[in-house]
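The values are calculated or read from the model by the stated rules, or taken from the named source; none is laboratory data. These numbers were taken from a predicted model, which means no experiment stands behind them. FYI the Cβ positions are ideal-geometry reconstructions off the backbone, even for glycines, and counts take in every protein chain you see.
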Amino acid sequence: MMTDYHVHIGQWNDVYFKAEDIFYALKNSGISECWFSSTTSCLYSKTIVAGKCDAEDLSHEELYLKIREEVNSALEYAQTIDFKAHALYWVVPDIVKSGIGIERAMTECPYEGFKLHPRAQEWKLDDPVTVNFTEELFSYAEKQNLRILIHTGASGDDSPKRFEYFIKAHPNGLVQLAHLKDLDAQEYMLKNYPNVVVDSSFASENEIGALIDDGIERKRILWGTDMPVTYWWYNVLGKERIPSIGKEELTEFYKKNHYSNE
């Protein structure tokens, strides 16, 4: 069995990636299981709030319901093709602050964890309201044995250490740091917190090898692709025309660039 620990469905910039196409591509490449979240959540990203790109004019409640329906439909489809899909709730601080709490989201949809993206959304950890619901989120995940996937990068906003306080305070909660960016910080988190793992999405073999050479166990480096964001980067970004994107195109890309059992 092969698992992809970092997958998305939904609206990503100017393209909508259907769960049916993504799950089909993974299954037909030899993947039997994935952990996914909806990038439709980025309709409330910082770039949109700043007016740097267009987005649907949805209220917080409307966006929340749209994503809930999207995820439920994705899970139903996965069952029809005998594909094991685990949904993560992409937490948008503005939605939480609007009154749509963590517990409501987790009881209205069978999410199995959370996705945090401190580069796409603002996580103001000097704001008491944000600190309180972040603590609630980590506490909930620890008590319910749920995964927290966190986007990381090389900037201050998405440093692997950004949520260190909460990770330290909840040692029994599994936290997955994505992308292996800022290797020194990733290694620090791995060596100091046994509840931390990382994933290999957008990481090079050299970056993975560097961690292993420094004593990090291979089992703590999960295999992930960030599909279909990788597809978008290589086939859509900068193109005058959006190419035809369907399950066959996505399958071909996945087999060529990520994994194939053939």
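When 79, 121, 144 are screened for being polar (S, T, N, Q) and under 16 Å from the mean Cα position of the chain (by Cα), only 121 passes.
Yes/no per residue for (1) surrounded by fewer than 15 Cβ atoms within 10 Å (Cβ to Cβ); (2) modelled with pLDDT under 95; (3) under 25 Å from residue 86 (Cβ atoms); (4) hydrophobic (A, V, I, L, M, F, W, C):
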position	(1), (2), (3), (4)
175	no, no, yes, yes
179	no, no, yes, no
186	no, no, yes, no
212	yes, no, no, yes
221	no, no, yes, yes
226	no, no, yes, no
230	no, no, yes, no
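Considering only residues in the stretch 51-85 that are small (Gly, Ala, Ser) and over 22 Å from residue 6 (Cβ atoms), the one that is modelled with the lowest pLDDT turns out to be 51.
Quick grid of which residues meet (1) among the β-branched types (Val, Ile, Thr); (2) farther than 18 Å from residue 11 by Cα:
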site	(1), (2)
210	no, yes
216	yes, yes
226	no, no
235	no, no
242	yes, no
258	no, yes
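Filtering 207, 252 for residues that are surrounded by fewer than 17 Cβ atoms within 10 Å (Cβ to Cβ) and either of a type outside the set (A, V, I, L, M) or without any contact (Cβ under 8 Å) to a residue 12 or more places away in the chain (or both) leaves a single hit, 252. Within the stretch 116-130, the set of residues being assigned to a loop (DSSP other than H, G, I, E, B) and in contact (Cβ under 8 Å) with a residue 12 or more places away in the chain comprises 117, 118, 119, 120, 121, 122, 123, 124, 125. Number of residues in the stretch 143-193 that are among the polar types (S, T, N, Q) and closer than 21 Å to residue 207 by Cα: the value is 6.
Evaluation of residue 95 against the conditions (1) exposed (fewer than 15 other Cβ atoms within 10 Å of the Cβ); (2) in a helix (DSSP H, G or I) shows that the sole unmet condition is (1).
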